[in-house]
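This report concerns only the one structure given below.
The values are calculated or read from the model by the stated rules, or taken from the named source; none is laboratory data. This structure is a prediction, so every number in the text was calculated from the model and none was measured. Methodologically, a virtual Cβ is constructed for each residue, glycine included, from the backbone with ideal geometry; neighbour enumeration extends over all protein chains shown.
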């Protein structure tokens, strides 16, 4: 088993043995923020399941920081048999990034930004939308490292409701979180394998038209409990429930 107390750093590739060099922004963080020194250990991850426990042999700090590492052990972590893709409605301010952070820490396998009708935040196809998507992707990377996850969730290009419905139709199961519905998440028969789509609406809620479109694509509207959650926390709570109700945490 890997040491879950060691800091995780992302690399394009993780060697199975021998020596390697960590450079770039990850090295600057390791040398300047974490202040790692020779003799200490860390974990390298390629974000796709490849992991290596390494000992630091030498540290070069500064703008061109780098760490010389020796690989002590290497392993690969497989993704869960049941993958959960979170369709997260765009949210104003930093609530969208908070939703991504919490969902990543809770185990989301992919995040799909959704241009919902009642989303106050509007991502255009130009520079502003691109910058927002970059922030979501950076948030997912940082949260995956913080949670010491072997897999960094992919944050896709944003979709509209029709595109989301098309995605829902390809899933083993698609569920829409909706507080004003009698069916509960615990009432569903959940699959053991495949892809599950979890749809989280904006602060203003999902419109009747959106819900009808998603239901036509096969999605099920369910509630988690008796309270109403913010868009920034709903996915994380649902992912925790799915972890307990399926084999994802086994």
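Please count how many residues of the stretch 26-45 are out of contact with any strand residue (DSSP E or B) (no Cβ under 7 Å at 6 or more places or on another chain) and either under 15 Å from residue 144 (Cβ atoms) or surrounded by 16 or more Cβ atoms within 10 Å (Cβ to Cβ) (or both). Give the derivation first.
Step one: list which residues in the stretch 26-45 are out of contact with any strand residue (DSSP E or B) (no Cβ under 7 Å at 6 or more places or on another chain), which gives 28-29, 32-35.
Restricting the remaining residues to those that are either under 15 Å from residue 144 (Cβ atoms) or surrounded by 16 or more Cβ atoms within 10 Å (Cβ to Cβ) (or both) gives 28-29.
Residues that pass the stated criteria total 2.
Per-residue answers, yes or no, for (1) within 27 Å of the chain's Cα centre (by Cα); (2) within 17 Å of residue 152 (Cα to Cα); (3) in a loop (DSSP other than H, G, I, E, B); (4) touching a residue at least 24 places away in the same chain (Cβ under 8 Å):
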| position | (1), (2), (3), (4) |
| --- | --- |
| 14 | yes, yes, yes, yes |
| 39 | no, no, yes, no |
| 68 | no, no, no, yes |
| 75 | yes, yes, no, yes |
| 80 | yes, yes, yes, yes |
Failed condition for residue 218, given (1) part of a helix (DSSP H, G or I); (2) in contact with a strand residue (DSSP E or B) (Cβ under 8 Å, 6 or more places away or on another chain):
(1)
The residue from 115, 81 that alone is modelled with pLDDT of 95 or more and surrounded by 18 or more Cβ atoms within 10 Å (Cβ to Cβ) is 115
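Do we have any residue at all in the stretch 155-167 that's closer than 30 Å to residue 34 by Cβ, in contact with a helix residue (DSSP H, G or I) (Cβ under 7 Å, 6 or more places away or on another chain) and surrounded by 13 or more Cβ atoms within 10 Å (Cβ to Cβ)?
Yes, the conditions are met somewhere in the stretch 155-167.
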Qualifying position, being assigned by TED's automatic domain parsing to the domain that holds residue 148, surrounded by 15 or more Cβ atoms within 10 Å (Cβ to Cβ), within 16 Å of residue 234 (Cβ to Cβ) and in contact with a strand residue (DSSP E or B) (Cβ under 6 Å, 6 or more places away or on another chain), among 87, 110:
87
For the stretch 239-246, does any single residue satisfy the condition of being within 16 Å of residue 109 (Cα to Cα), in contact (Cβ under 8 Å) with a residue 40 or more places away in the chain and part of a loop (DSSP other than H, G, I, E, B)?
yes
Going by what's in this entry, would residue 55 be described as farther than 22 Å from residue 142 by Cβ, crowded, with 16+ Cβ neighbours inside 10 Å, in contact with a strand residue (DSSP E or B) (Cβ under 8 Å, 6 or more places away or on another chain) and at pLDDT 95 or above?
no
Please verify whether residue 122 is farther than 19 Å from residue 240 by Cβ, assigned by TED's automatic domain parsing to the domain that holds residue 229 and free of Cβ contacts under 8 Å to residues at least 40 places away in the same chain, treating the condition exactly as stated.
yes
For the subset of the stretch 3-14 comprising residues that are surrounded by fewer than 16 Cβ atoms within 10 Å (Cβ to Cβ) and in contact with a strand residue (DSSP E or B) (Cβ under 7 Å, 6 or more places away or on another chain), which member is farthest from residue 143 (Cα to Cα)?
3
Taking into account only those residues within the stretch 168-190 that are loosely packed, with under 15 Cβ neighbours inside 10 Å and in contact with a strand residue (DSSP E or B) (Cβ under 6 Å, 6 or more places away or on another chain), which is nearest to residue 122 (Cα to Cα)?
181
Test: residue in the stretch 127-146 that is in a loop (DSSP other than H, G, I, E, B) and surrounded by fewer than 22 Cβ atoms within 10 Å (Cβ to Cβ)
no
